[in-house]
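Please read the structure below before turning to the comments.
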Amino acid sequence: MSVSGHVPEALGSVALVALGVWLWSVPRLDQRVASMSRGGRAASPSISMRLSVLRGHVTSRMSFGPAARRRDARERLRVIQALSALAAELAAGQPPSAAMRRAGGEPSVWPAALGALLLDGDVVPALAADAVRHPVLAQLAACWQVGADSGAGLAAAVERLSAAARSAEEVRVDLEGQLAGPRASARLLAGLPFVGIAFGMMLGSDPLAWLLTSMPGRACLVTGLLLTAAGTWWTGRIARRVERLL
């Protein structure tokens, strides 16, 4: 194969590596914004909010597979623990801003809200930006808005929100167990064409040569790969839609 034939593959690899580096560096950028504000230098709170929203959109689109589901479960657990800690801090009499700083964890589960607090900005839209990654924070933003307007009841509201989020997570864990069977069946069906090719080669035929060298074979190969990918994606989409109902 000529050198030009490798150019698209090389460009694709470079793009994937660059995207991975960008996703890895975005949380550090959020922390850098916060550290700038701690040092007294001017920084716009919208920078952290925009980074949080953009990262949430990208990671939500790229999350797939068992590893991604385990990572998302760990993140949801961190948010629930942060809500419980926030409720405890508020119940102990801490001011809301100090309670949110102490309860967010490291790294913070609400980086945009933390940046707004450090820069004396509005916490409610910042929490709405953080809710792109963690939808339960949209309810915390509503609680924060009501507490700021009325001046009371924030600790009780956050405590109820924490209990509801924990109950929803328990249901989600049970649902994850129920969906394990359909997901395993989908993976098995996706691998059957490759098993068929392997059996054909063991029987002495050469299905790969037909698939890769002849025009009908190439058409079958491309069609089969597309249908397999579409079926796998559709199964995952159904499971994600069921999960999002919680």
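Computed from the C-beta positions of Met202 and Leu77, the FRET efficiency with R₀ = 41 Å rounds to 0.35.
Between amide H atoms placed 1.01 Å from N, distances below 5 Å from Gly104 occur with no residue 5 or more places distant or on a separate chain. In order along the range 113-130, phi translates into HN-Hα couplings of 5, 4, x, 5, 5, 5, 9, 6, x, 8, 6, 4, x, 5, 5, 4, 5, 5 Hz, rounded to whole numbers, per the Karplus curve 6.51 cos²θ - 1.76 cosθ + 1.60 with θ = phi - 60° and x for Gly and Pro. Residues within the reach of a label modelled at Leu212 (point 7 angstrom out along Cα to beta-carbon, backbone nitrogen below 14 Å), restricted to the range 184-201, are 198, 201. Subtracting the Cα-Cα distance of Ala68 and Ala138 from their residue separation scaled by 0.36 nm leaves 23.0 nm. Among rounded, prolate and oblate, which fits the range 94-137 when a ≥ b ≥ c are the square roots of the eigenvalues of its C-alpha gyration tensor, a/c under 1.5 means rounded, and a/b larger than b/c means prolate? Because a/c hits 1.5 or more and a/b fails to exceed b/c, the range 94-137 counts as oblate.
No lab work stands behind these numbers, since they all come straight from the coordinates. It should be emphasised that the depicted structure is a prediction, and the values quoted were computed from it without experimental measurement. As a convention, Cβ positions derive from the backbone with ideal geometry for all residues, glycine included, and neighbour counts pool all protein chains shown.
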